[in-house]
Amino acid sequence: MTESKFDSKDLRRAFGAFATGVTIVTAVDVEGRTHGFTANSFTSVSLDPPLVLVCIAKTARGFDTFIECPHFAVNILSEEQREASAVFATAGAEKFAAIEWQAKSTGSPVLDGVAAWLDCVMHNTVDAGDHVILIGRVVAYDHNAEPPLGYCRGAYVSFGMSQDTLKLAEQSGSLRVGAIIERNQQILLYTDSNTGEVRLPVSARLGPEENPTSLLGQLAVAGIDAHIPFLFAAYDDGDHHCVYYRGEANVLESCSSSLKNGLEFVEFAKIPWNKIADPPVHMMLRRFISEREFDEFGVYIGDAVTGRVKTGTAFPPDFHGF
Ligand SMILES: Cc1cc2nc3c(=O)[nH]c(=O)nc-3n(C[C@H](O)[C@H](O)[C@H](O)COP(=O)(O)O)c2cc1C
């Protein structure tokens with residue numbers, strides 16, 4: 001085995017910047033047992049002949065089955081299938097217990113509710129480091145209008161995500177859009193000059209940047225070029241629909257020493273917890289700092305007290321207080 005000169009955790013982060021869809025790859029072994037694993041390494045390869053590929057880790061429990069099996073199916077998940085993704089990413093789970101499926105052409109399981117499926121015969125396998133590339137020739141497929149599930153930087157992303165809902169809340173004045181913005185292990189915090197209270201940057205609308213009252217507009221005025229594409233928490237605090245995104249920021253050279261309007265990047269270790277009055281902000285910051293360690297972010301959905309964090313790698317646990 002060759003030694004990589006890279007830190008694998010960091011390399012994984014670089015790989016993870018490539019946004020993908022999410023698939024569940026399935027097969028049936030010679031004894032008729034079903035196997036499946038979540039995979040985002042899927043790629044279409046060729047139209048003629050119709051070829052696709054997916055990479056399977058040599059450590060996967062189903063590895064022997066998949067490299068020996070003459071068929072497999074690729075199920076391209078829809079937005080509603082985060083839980084199925086989590087189940088099939090959990091080694092040892094009863095993977096097919098909670099999902100309906102049918103055999104189509106080769107007998108490999110095609111799952112209900114997917115955005116598309118590709119039933120394949122094995123065309124070739126290629127050894128590739130700690131994975132093997134499974135190349136399949138598509139013998140049957142189908143697709144529909146379901147919005148597909150996305151995945152990037154350790155978190156699920158929804159392409160069609162609730163833009164309409166946000167618009168409605170914005171129009172009714174009940175929207176609060178906030179952000180957890182990181183730069184060099186520091187978090188952007190806002191200090192109210194009158195009360196001394198500290199919170200995350202927040203506004204009644206997300207954008208556009210040209211509108212100085214929007215969140216992106218306020219950040220731009222302070223010289224912060226923020227990229228906050230990921231949903232981190234959505235909850236109702238009784239008065240407002242609160243939506244928090246997470247992301248990173250570049251700070252313009254001219255503004256790097258002192259940020260304007262009470263905004264300041266603060267090291268994780270120096271966060272003034274006693275000045276943060278809003279309990280959800282406490283919880284979000286603590287969750288962000290701990291999830292960031294493994295680059296595995298969840299999305300909290302609920303109210304200001306109880307809800308659940310939807311995660312990428314295991315069953316979403318019921319979660320109290322973010
Ligand atoms: C979004 C996502 C994408 C994944 N992509 C892959 C992949 O492309 N190849 C792979 O071998 N494992 C991938 N995994 C991990 C496997 O799904 C996981 O290790 C699973 O437990 C393997 O199943 P098994 O060990 O029960 O066979 C991914 C997990 C997630 C959550």
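The values are calculated or read from the model by the stated rules, or taken from the named source; none is laboratory data. Since the structure is predicted, the reported quantities are computational estimates derived from the model, not experimental observations. Virtual Cβ from ideal backbone geometry, glycine too; neighbours counted across all protein chains shown.
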Exercise for review: Restrict the check to region 261-282 and report whether at least one residue is acidic (Asp, Glu) and at pLDDT below 90.
Suggested key: no
Practice item. Give the number of residues within region 65-83 that are at pLDDT 95 or above and either surrounded by fewer than 13 Cβ atoms within 10 Å (Cβ to Cβ) or within 12 Å of the ligand (Cβ to nearest atom) (or both). Key: 7
**Study point:** From the options Gly92, Gly62, residue that is of a type in the set (Gly, Ala, Ser), loosely packed, with under 12 Cβ neighbours inside 10 Å and near the ligand (Cβ under 10 Å from one of its atoms)
**Key:** Gly92
Review point. Among Ala27, Ala39, Ala17, which is hydrophobic (A, V, I, L, M, F, W, C), loosely packed, with under 13 Cβ neighbours inside 10 Å and either within 15 Å of the ligand (Cβ to nearest atom) or outside the structural domain of Ala103 (by TED's automatic domain parsing) (or both)?
Key: Ala17
Exercise for review: Filter the strands (runs of 3 or more DSSP E) completely within region 108-157 down to those with at least 1 residues that are more than 21 Å from the chain's Cα centre (by Cα), within 16 Å of the ligand (Cβ to nearest atom) and within 30 Å of Arg292 (Cβ to Cβ).
Suggested key: 116-128, 131-143
Check your understanding: Do you know which residues across region 49-94 are in a strand (DSSP E or B), β-branched (Val, Ile, Thr) and over 16 Å from the mean Cα position of the chain (by Cα)?
Key -> Val52, Val54, Ile56, Val74
Point to revise | Tally of residues being in a loop (DSSP other than H, G, I, E, B), within 26 Å of Pro147 (Cα to Cα) and over 14 Å from the mean Cα position of the chain (by Cα) across region 1-48 | key: 3
